[in-house]
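Asker: Sharing a structure here in structure tokens format.
The values are calculated or read from the model by the stated rules, or taken from the named source; none is laboratory data. Worth saying up front: this structure is predicted, and the values here are computed from it rather than measured. Note: ideal-geometry Cβ built from the backbone for every residue, glycine included; neighbour counts use all protein chains shown. The area values use the complete protein model at the heavy-atom level, side chains included, leaving out ligands, DNA and RNA. Shrake-Rupley method; radii C 1.70, N 1.55, O 1.52, S 1.80 Å.
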Amino acid sequence: MNVVEAQRSERTAELFATITALVPELAEEAANYDQTAHFPFASVARLRDAGLLMAPVPVEFGGFGLHGMGDPASLFQLLHLFGYVDLSLGRIFEAHVNALELIRQYGTPRQMEAAALAAQAGDLFALWVTDPAKHGVCLSRDFTLTGEKWFCSAAGAAKQALITVQTEAGSQMVLIPITPRILVTDRGVKLTGMRAAATGSVDLTGVVVDEEALIGEPGDYLREPLFSTGAWRSSAVALGGLAALIDTAKNDLCARGRADNPFQRMRFGQSVIAHETGRLWMLEAVKRVDAATGAGGEAVAYVNLARTAVETACLDAMRHIQRSLGLSAFMQGSRAERIARDLATYLRQPAPDEALVEAAGYFIHHGVRNP
């Protein structure tokens, strides 16, 4: 390890020490934000003050370099930790990471520098790409936006949003600053879980952008392999939520004197197996994404399988834990109920069946690689 790598490793270790120290406070705040369905402003402020918003920014732009081509293994650990603390906070942070990664991959150095400076100043980035069935966001020739985005996490809280818009040339990414005049509503969106993620609809009609706000070329957002392989980050957050649910079940069973019951231990063991299965899938997915070249067909297929594996692991473990805890797992306000509700919502990622079918097709034609 050279001097630069050693310094980077030391900075990363300090970053993890900082976020680990914040875990008790952040976890305690999570219940309050869920109950009131309010965005976790104080929690995000803690992350900002600790420098966490700079975690995915490349080292050459003053960040910690925890991005797709920097230190993805450490990024996995960080996202898992965020999911463990609070799935809503994990969703917010993962979108911040995703937006900056897309700017890094497809933006110009000047655009990346501007984004890095904004993150350093405390700007939280959002990623809004879902259009309603009608009135999706379009960009006119005079750079004026019309239309809405749905399922916008951190709506009303993020300072910058990377969005997709329709142009004459196709789908285009645009980075826009969020101003008070941009209207946030709950039209079409009212989720039972992930309440603190402040997911809403955003009406961007009348917003004017300049040409420098365009990130990449038309079609870049859906370009492979980055589009599909980036899904591992959401799975990492979900897996962290599962770890929190398992620990919550353990504490409840011990407190109620039921931890030595053989059937409880059997269900608990199955839950631990589920988490470890998902964790191993994720670690291998990160390796394959990091080593992918060209179109990255194998990496895309493997991440799609990993998505399914993590979803299955989480659903299986939730079933075991809810059976173990009984009705207490469904009591409003309990930690187990909140985490399970958030996790069930978070797992509803887009096109799961399509992802599995396409992944299976790849391995049918190419076979399974030997270790």
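Asker: Among the residues of the range 130-145 satisfying the criterion of being of a type in the set (V, I, T) and modelled with pLDDT of 95 or more, which is surrounded by the most Cβ atoms within 10 Å (Cβ to Cβ)? It would help to see each step written out before you state the result.
Answerer: From the range 130-145, those of a type in the set (V, I, T) are 130, 137, 144; that's our starting set.
Within this subset, residues satisfying the condition of being modelled with pLDDT of 95 or more are 137, 144.
Working: V137: 23, T144: 14.
The extreme case among them is V137.
Asker: Inspect the range 176-195 for any residue being in contact with a Cys (Cβ under 6 Å, 6 or more places away or on another chain), part of a strand (DSSP E or B) and in contact (Cβ under 8 Å) with a residue 24 or more places away in the chain and give the result as yes or no.
Answerer: Of all residues in the range 176-195, those in contact with a Cys (Cβ under 6 Å, 6 or more places away or on another chain) come to none.
No: the range 176-195 contains no residue that is in contact with a Cys (Cβ under 6 Å, 6 or more places away or on another chain), part of a strand (DSSP E or B) and in contact (Cβ under 8 Å) with a residue 24 or more places away in the chain.
Asker: Follow-up. Is there a residue being in contact (Cβ under 8 Å) with a residue 24 or more places away in the chain, farther than 24 Å from V286 by Cβ and under 16 Å from the mean Cα position of the chain (by Cα) anywhere in the range 127-145?
Answerer: Within the range 127-145, one or more residues are in contact (Cβ under 8 Å) with a residue 24 or more places away in the chain, farther than 24 Å from V286 by Cβ and under 16 Å from the mean Cα position of the chain (by Cα).
Asker: While we're on this one: Among the numbered criteria (1) over 25 Å from I246 (Cβ atoms); (2) in contact (Cβ under 8 Å) with a residue 40 or more places away in the chain, which one does T293 miss?
Answerer: T293 satisfies all of (1) over 25 Å from I246 (Cβ atoms); (2) in contact (Cβ under 8 Å) with a residue 40 or more places away in the chain except (2).
Asker: Starting from the range 259-280, take each residue that is closer than 19 Å to G326 by Cα and free of Cβ contacts under 8 Å to residues at least 60 places away in the same chain and list its partners that are part of a helix (DSSP H, G or I) and open to solvent by less than 50 Å² (accessible area, probe 1.4 Å), counting only C-beta distances under 6 angstrom and pairs at least six apart or across chains.
Answerer: A259/L253; R267/H320; R267/S324; Q270/H320; S271/I246; S271/A317; S271/H320; S271/I321
Asker: Would it be correct to say that Q264 is under 28 Å from T199 (Cβ atoms) and either out of contact with any Asp or Glu (no Cβ under 7 Å at 6 or more places or on another chain) or not β-branched (V, I, T) (or both)? So that I can check it myself, show each step before the final result.
Answerer: Working: under 28 Å from T199 (Cβ atoms): no; either out of contact with any Asp or Glu (no Cβ under 7 Å at 6 or more places or on another chain) or not β-branched (V, I, T) (or both): yes.
When the stated conditions are applied, Q264 does not pass them.
Asker: Sort through F268, F227, F263 and tell me the only one that's modelled with pLDDT under 95 and either in contact with a Ser or Thr (Cβ under 7 Å, 6 or more places away or on another chain) or not β-branched (V, I, T) (or both). Can you show your working first?
Answerer: Details: F268 fails: modelled with pLDDT under 95; F263 fails: modelled with pLDDT under 95.
Within the list F268, F227, F263, the selection yields F227.
Asker: Also: In the range 251-278, which residues are within 26 Å of the chain's Cα centre (by Cα) and surrounded by fewer than 19 Cβ atoms within 10 Å (Cβ to Cβ)? Steps first, answer last, please.
Answerer: Taking the range 251-278 and keeping what is within 26 Å of the chain's Cα centre (by Cα), we get 270-278.
Q270, V272, I273, E276, T277, listed by residue number.
Asker: Considering (1) over 21 Å from the mean Cα position of the chain (by Cα); (2) open to solvent by 10 Å² or more (accessible area, probe 1.4 Å); (3) not hydrophobic (A, V, I, L, M, F, W, C), say which one K287 fails and leave the rest.
Answerer: Condition not satisfied by K287: (1).
Asker: Now a separate question. Quickly run through the range 101-110 and pick out the residues that are touching a helix residue (DSSP H, G or I) at 6+ places or on another chain (Cβ under 6 Å) and either acidic (D, E) or open to solvent by less than 20 Å² (accessible area, probe 1.4 Å) (or both).
Answerer: I103
Asker: Could you tell me whether any residue of the range 344-352 is part of a helix (DSSP H, G or I), modelled with pLDDT under 95 and farther than 20 Å from I246 by Cα?
Answerer: Yes.
Asker: Continuing with the same structure: Criterion first (within 25 Å of Q7 (Cβ to Cβ), modelled with pLDDT of 95 or more, surrounded by fewer than 23 Cβ atoms within 10 Å (Cβ to Cβ) and within 12 Å of the chain's Cα centre (by Cα)) does L81 satisfy it? Spell out how you get there, then give the answer.
Answerer: Details: within 25 Å of Q7 (Cβ to Cβ): yes; modelled with pLDDT of 95 or more: yes; surrounded by fewer than 23 Cβ atoms within 10 Å (Cβ to Cβ): yes; within 12 Å of the chain's Cα centre (by Cα): yes.
Yes; evaluated as a whole, the condition is true for this residue.
Asker: Can you tell me which residue is farthest from A295 (Cα to Cα) among those in the range 322-368 that are touching a Phe, Trp or Tyr at 6+ places or on another chain (Cβ under 8 Å) and open to solvent by less than 10 Å² (accessible area, probe 1.4 Å)? Working first, answer last.
Answerer: Kept after step one, since they are touching a Phe, Trp or Tyr at 6+ places or on another chain (Cβ under 8 Å), are these residues of the range 322-368: 322, 324, 337, 359.
Filter once more, keeping what is open to solvent by less than 10 Å² (accessible area, probe 1.4 Å): 324, 359.
Numbers: S324: 45, A359: 14 Å.
Filtering the range 322-368 for residues that are touching a Phe, Trp or Tyr at 6+ places or on another chain (Cβ under 8 Å) and open to solvent by less than 10 Å² (accessible area, probe 1.4 Å), the one farthest from A295 (Cα to Cα) comes out as S324.
Asker: Looking at the range 293-321, which of its residues are in contact with a Lys or Arg (Cβ under 8 Å, 6 or more places away or on another chain) and either buried (at least 24 other Cβ atoms within 10 Å of the Cβ) or within 19 Å of T229 (Cβ to Cβ) (or both)?
Answerer: Step one: of the range 293-321, the residues in contact with a Lys or Arg (Cβ under 8 Å, 6 or more places away or on another chain) are 298-299, 302-303, 320-321.
Scanning the range 293-321 gives E298, A299, Y302, V303, I321.
Asker: On to the next question. Considering the range 200-248 alone, what residues qualify as being assigned to a loop (DSSP other than H, G, I, E, B) and surrounded by 24 or more Cβ atoms within 10 Å (Cβ to Cβ)? Spell out the reasoning first.
Answerer: Applying the first criterion (assigned to a loop (DSSP other than H, G, I, E, B)) to the range 200-248 yields 204-207, 209-210, 216-225, 230-231.
Listed by number, the list holds a single entry, L204.
Asker: Give the residues of the range 23-71 that are surrounded by 19 or more Cβ atoms within 10 Å (Cβ to Cβ), in a helix (DSSP H, G or I) and in contact (Cβ under 8 Å) with a residue 60 or more places away in the chain, sorted by residue number.
Answerer: Hits for the range 23-71 are L26, A30, Y33, D34, V44, L53, M54.
Asker: OK, next. Only one of A118, A158 is touching a residue at least 12 places away in the same chain (Cβ under 8 Å), assigned to a loop (DSSP other than H, G, I, E, B) and open to solvent by less than 20 Å² (accessible area, probe 1.4 Å); which? Working first, answer last.
Answerer: Values: A118 fails: assigned to a loop (DSSP other than H, G, I, E, B).
Exactly one residue qualifies, and that residue is A158.
Asker: Farther than 20 Å from L87 by Cα, among the basic types (K, R) and surrounded by 14 or more Cβ atoms within 10 Å (Cβ to Cβ) - does that describe any residue in the range 177-199?
Answerer: Yes.
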